[in-house]
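Okay, so here's the structure we're looking at.
The values are calculated or read from the model by the stated rules, or taken from the named source; none is laboratory data. The model shown is predicted, which means the values in this text are computed figures rather than measured ones. With ideal geometry, Cβ positions are generated from the backbone for all residues, glycine too; neighbour counts draw on all protein chains shown.
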């Protein structure tokens, strides 16, 4: 995996904390990222990507407690099920593939995020550097860096063709040929549906 220090960029932290939008490597592909708790930032990302307004974005979190920021309280069964996908114990060495987890979110305050679906998708990246960035900035929406319907940018040059000067910062992590994360739906009883493998 890429070096963890790519995310330890003071300028990146500053831009994101000040409600800017950046293109940077995530744990899967280049993402166009911004603060998930800012409606203005989220709407700006939708406009830049020309993303279908009804499609929620995936939210990157630094740890499971971040879910509470979105009025989501997990049941014990959900926590048990999540342990297969996200190492909730930091002493755990296993490095699972990136998995985004769709959870119910009925709080109308977050309708700008869930877009009327009453659910949100979250991902807990395994890279310590990315987790540390998220601890500094708070949760980030992170759709792939491309316009709706076009292929994800594999490098910064391709991302710049999509977004030009309309984003505040580009962080170059070289060529990234990752793939989008697996997506699962986690129900209240702990059962799981795989939405994208």
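Being over 27 Å from residue 178 (Cα atoms) and in contact with a strand residue (DSSP E or B) (Cβ under 6 Å, 6 or more places away or on another chain) is the filter; apply it to the range 94-110 and report the residue that is surrounded by the most Cβ atoms within 10 Å (Cβ to Cβ). If we take residues in the range 94-110 being over 27 Å from residue 178 (Cα atoms) and in contact with a strand residue (DSSP E or B) (Cβ under 6 Å, 6 or more places away or on another chain), then 105 is surrounded by the most Cβ atoms within 10 Å (Cβ to Cβ).
Among the residues of the range 164-197, those identified as closer than 28 Å to residue 11 by Cβ and part of a strand (DSSP E or B) are 169, 170.
Scan 48, 16, 67 and give me the residue that is in contact with a helix residue (DSSP H, G or I) (Cβ under 6 Å, 6 or more places away or on another chain), in a helix (DSSP H, G or I), under 17 Å from residue 138 (Cα atoms) and touching a residue at least 12 places away in the same chain (Cβ under 8 Å). When all the criteria are applied, what remains is 16. Of all the criteria given as (1) at pLDDT below 95; (2) surrounded by fewer than 17 Cβ atoms within 10 Å (Cβ to Cβ), the one not satisfied by residue 157 is (1).
Residue 113 meets all of the listed conditions (1) surrounded by 19 or more Cβ atoms within 10 Å (Cβ to Cβ); (2) out of contact with any strand residue (DSSP E or B) (no Cβ under 9 Å at 6 or more places or on another chain) but one, namely (2).
When each of 116, 178, 164 is tested for being at pLDDT below 95 and farther than 22 Å from residue 7 by Cβ, the lone residue that passes is 116. Just one of the listed residues (150, 120, 133) is under 21 Å from residue 43 (Cα atoms), in contact with a helix residue (DSSP H, G or I) (Cβ under 8 Å, 6 or more places away or on another chain) and not in a loop (DSSP other than H, G, I, E, B), namely 120.
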